[in-house]
Amino acid sequence: MRKFLLYITVLTTGLLFIGRLFYLQVIDTSLAIRSRDNAIKVVYDYPQRGYIYDRDGELMVSNQPSYDVMVIPRNLKPFDTTEFCSILNLTREQLETKLDKARIYSPMLPSVVIPQLTKSEYAVLQEKMRNYEGFYIQKRSLRDYQVDHSANVLGYIAEVNQGIINKNPYYISGDLMGRAGVESTYEEILRGVKGVKYIQKDRFNRDIGPYKEGIYDTLPEKGQDLTITVDNDLQAYGSRLMQHKRGGIVAIEPESGEILALITAPTYDPAKLVGRKRSANFTELYYDSIAKPLYDRALLAQYPPGSPFKTLNALIGLQEGVVDTHDRFACHNGYVYGRGRKLGCHSHSSPLDMIPGIAQSCNAYFANVYRRIIEKYPTPQEGIDVWNAHLKSFGLGQYMGNDLSTGQPGKIPNSDYYNQIYDYPTYKWYATATLSNAIGQGEVLMTPIQLANMAATIGNRGWYYTPHILKKIDGEDIEIKDFTTKHHTTIDPANFEPVVEGMHQVYKAGTASTLQIPGIEIAGKTGTAENYTKINGKRTQLTDHSIFVAFAPVDKPKIAIAVFVENGYWGSRYAGRIASLMIEKYLKGTITRTDLEDWILNHSLEDEYAKPLSGEPFIINQ
């Protein structure tokens, strides 16, 4: 064995050396990469970002040329900083800060020093670039908005941060990506693919031509164009109607789930977030904590739904068999329950059955229906959970799985929630403890898009498609399973007919009778929701919110809509007018109810929004 030990040792050592050499030369390319980084300059060729069109092919977003000043820190040579800063309108301190940041990112990789030069700045600097070794100009495209609305829908593009770079190797410092709206959701489709050029350098760091005759170079691939479901004209009109107001409008095509309009107010011109002033403008918008123009109320604001929610309680009551369309309930300006407590109501004829109960929005009627639903079961816990399950089938209390960049689930309480509130079983609770749910107040919260989807579902007599905003890619229709799968509610289709008729009567003889549109049969529901906030630490009731949901035509509807106007007094005052005008605009293309339009355009709620600061009194229950 001893005589073989020497041979084994030599053989093992040789194999180890050979293995190490193989690893260093074939597997581990780090040294080659370092050598290549020293001898090769990588230049990216950025593609055109895909265009965005509305549902009718109207261009909403295109591109415009932009020029970024780039730097590779290790290639910098002494230069005239005074002249350089003068051309780019920079201070010396600002330039030094940017160069320090570039060195920290990487001495050998390019970083953006000045993004998005104007054409005039580019022209002046281009003539003098030979004096600034280590700097170069990189051409790319910025968004060019053809509309001054829909910022919440379209979104914006902004420079990537280090966190994004760490997560996604596609991006490098200075790259732009979609950060909200369609730009964010469909970033990978819109952005295209960067082209790459490898430039050989000599020992004096001078460019001497393409590396290996350009065999590794690639051409950029333009981003794909998107056609979205929104109607540009309807968006523009809704944005105009919502000027000097706060809230949201969502319109949906019931037969497809396509979003026709998605409007939040107040908003901003999307062009404000393009160019070198983007950062300053974004900061201004971000810190506007009063109007909150960056806050998408149509998707994020969770409001009490008010009286439109009564239609759901009517459907659940019919499905559970606790009420029929002929059951009548008395209303004496409200519903009295539990030790003299009263759920108030406005004056109307009494008693009422279901259809006039919906048309007149009777609180007492729906208080009775709600109690029957909950009290059908042995315990209120069982009743509330059955009620909850029916509502969940409408997509409420949850994210609906749409392709929008943000959202909120709303809130539909269940027995666990109330057990915690009332410390059950220490204290028992009954249907009257949750009676505000009967009229869409209490603990129930919905977003405007959920209200619109509710209206679409009722118009469809019990089913809906997930609301979505993508229609075509590069002009080709797309079919995404999530958006072409019907969702059926737990309510039998036959039970929808009396509720639809009740909503139709809202326009014919009920709370929206003054809002009728000639030639269009509309089903709708007004809503008024109480509105509270804290002022100086005290819970204060503000002017009520105005709510309206509708669909039209009544049979086979083409549009379903929800309008929510903060501090808008009552349902038909602001939201109802806006909804009727939006329906007419979409179905007819013109406006005949110019009286409604003139009133909306000439009335502002800015004074209402100033009241928490001005101390003026609020309008309650008008």
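The values are calculated or read from the model by the stated rules, or taken from the named source; none is laboratory data. Predicted, not measured: the structure shown is a model, and the values here were computed from it. Because the Cβ atoms are built from the backbone with ideal geometry, glycine has one as well, and the counts that use them run over all protein chains shown. In case anyone asks, the SASA skips ligands and DNA or RNA and just uses the protein heavy atoms, side chains included. Shrake-Rupley method; radii C 1.70, N 1.55, O 1.52, S 1.80 Å.
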Taking amide H positions as placed in the peptide plane 1.01 Å from N, state which residues far from Asp45 in sequence (5 or more) or on other chains have amide H under 5 Å from it. Gly195, Val196, Lys197
At q = 0.10, 0.18 1/Å the base-10 log of I(q)/I(0) from the Debye formula over the alpha-carbon atoms of segment 103-239 is -0.49, -1.27
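Excluding Tyr44 itself, calculate the net charge of residues whose Cβ lies under 10 Å from the Cβ of Tyr44, where each Lys or Arg counts +1 and each Asp or Glu counts -1. Could the numbers behind the result be given before it?
Values: positive: Arg140, Lys194, Lys197; negative: Asp45, Asp175.
Local charge sum for Tyr44: +1.
Just to confirm, what accessible area per residue do you get for the chain at 1.4 Å probe, in whole Å²? Intermediate values should be presented prior to the final figure.
Numbers: 29270 Å² over 622 residues.
Value for the chain: 47 Å² per residue.
Relative contact order for segment 156-281: what is it in percent, counting Cα pairs under 8 Å that are at least 6 residues apart? Could you put the intermediate results ahead of the total?
Numbers: 161 pairs, mean separation 19.8, N = 126.
In percent, rounded to a whole number, it is 16.
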At a probe size of 1.4 Å, how large is the accessible area of Ser289, to the nearest 10 Å²? 90
Computed about the Cα centre, the charge dipole of the chain from +1 Lys/Arg and -1 Asp/Glu charges at the Cβ has a magnitude in debye, to the nearest 20, of 2020
Please list, in chain and number order, the residues 5+ apart from Ala180 or on another chain whose amide H is under 5 Å from its amide H, with Hs placed from the backbone. Tyr156
Rounded to the nearest 5, what % of DSSP beta bridges with both residues in the chain are antiparallel? 95
Could you rank Ile578, Ile535 by how accessible they are, 1.4 Å probe, largest area first? Ile535, Ile578
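With charges only on Cβ, +1 for K and R and -1 for D and E, what is the dipole size of segment 256-331 about its Cα centre, in debye, rounded to 20?
500
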Of the options Gly527, Leu391, Gln162, report the single residue whose Cα projects farthest towards the positive end of the charge dipole of the chain (beta-carbon charges: Lys, Arg +1; Asp, Glu -1). Gln162
List, in order, the whole-Hz ³J(HN,Hα) value for each residue of segment 186-197 obtained from phi through the Karplus relation with A = 6.51, B = -1.76, C = 1.60 and θ = phi - 60°; use x for Gly and Pro. 10, 3, 5, 7, 6, 6, x, 10, 5, x, 10, 10
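For the chain, take the alpha-carbon Rg, divide it by the Kirkwood Rh, and send me Rg/Rh. Numbers along the way, then the final one.
Values: Rg = 31.6 Å, Rh = 28.2 Å.
Checking Rg against Rh, the ratio lands at 1.12.
Is segment 479-622 best put as rounded, prolate or oblate by its Cα gyration tensor, with a ≥ b ≥ c the root eigenvalues, rounded for a/c under 1.5, and otherwise prolate when a/b is larger than b/c, oblate when not? Write out the running numbers ahead of the final one.
On the way: a/c = 2.07, a/b = 1.54, b/c = 1.34.
It comes out prolate by the Cα gyration axes.
Given segment 126-273, what percent of its DSSP beta bridges are antiparallel, to the nearest 5? Mind dumping the intermediate values first?
Working: 15 of 15 bridges.
Bridges in segment 126-273 are about 100 percent antiparallel.
Can you give the relative contact order of segment 534-614 as a percent, counting alpha carbon pairs under 8 Å and 6+ residues apart?
Working: 101 pairs, mean separation 20.4, N = 81.
Normalised by residue count, the contact order of segment 534-614 is 25 percent.
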For Lys558, what accessible area in Å² do you get when you roll a 1.4 Å probe over the heavy atoms of the protein chains, rounding to the nearest 10? 90
Using a 1.4 angstrom probe on heavy atoms only, work out the carbon and sulfur share of the accessible area of segment 46-155 in %. 47
Rank Arg74, Arg372, Arg573 by accessible area, highest first, at a 1.4 Å probe radius? Arg74, Arg372, Arg573
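List the DSSP H helices in the chain whose Cα atoms stretch 24 Å or more along the helix axis and whose mean Kyte-Doolittle hydropathy is at least -1.0. Please report the intermediate quantities before stating the final value.
Values: long enough: 2-22 (30 Å, 1.30).
Span-like helices in the chain: 2-22.
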Given a 1.4 Å probe and the protein chains all in place, what does the accessible area of Glu121 round to, in Å² to the nearest 10? 40
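How would segment 339-460 be classified by its alpha-carbon gyration tensor: rounded, prolate or oblate, with rounded meaning a/c under 1.5 and the a/b versus b/c comparison settling the rest? Before the final figure, lay out the partial values.
Details: a/c = 2.00, a/b = 1.12, b/c = 1.79.
Taking the square roots of the gyration eigenvalues as a ≥ b ≥ c, segment 339-460 is oblate.
If you average 1/r across every pair of different Cα atoms in segment 29-145 and take the reciprocal, what Kirkwood value do you get, in Å? Mind showing how you got there, number by number?
Numbers: mean 1/r = 0.0618 Å⁻¹.
Result for segment 29-145, one decimal place: 16.2 Å.
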Overall form of segment 218-260 per C-alpha gyration tensor (a/c, 1.5; a/b vs b/c): oblate
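Before anything else, pin down the relative contact order of the chain: Cα pairs under 8 Å, at least 6 apart, normalised by residue count, whole percent. Write down the numbers at each step before the final one.
Working: 1287 pairs, mean separation 81.6, N = 622.
Worked out over the chain, it gives 13 percent.
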For Lys558, the residues 5 or more places away or on another chain with a placed amide H closer than 5 Å to its own amide H are Ala552
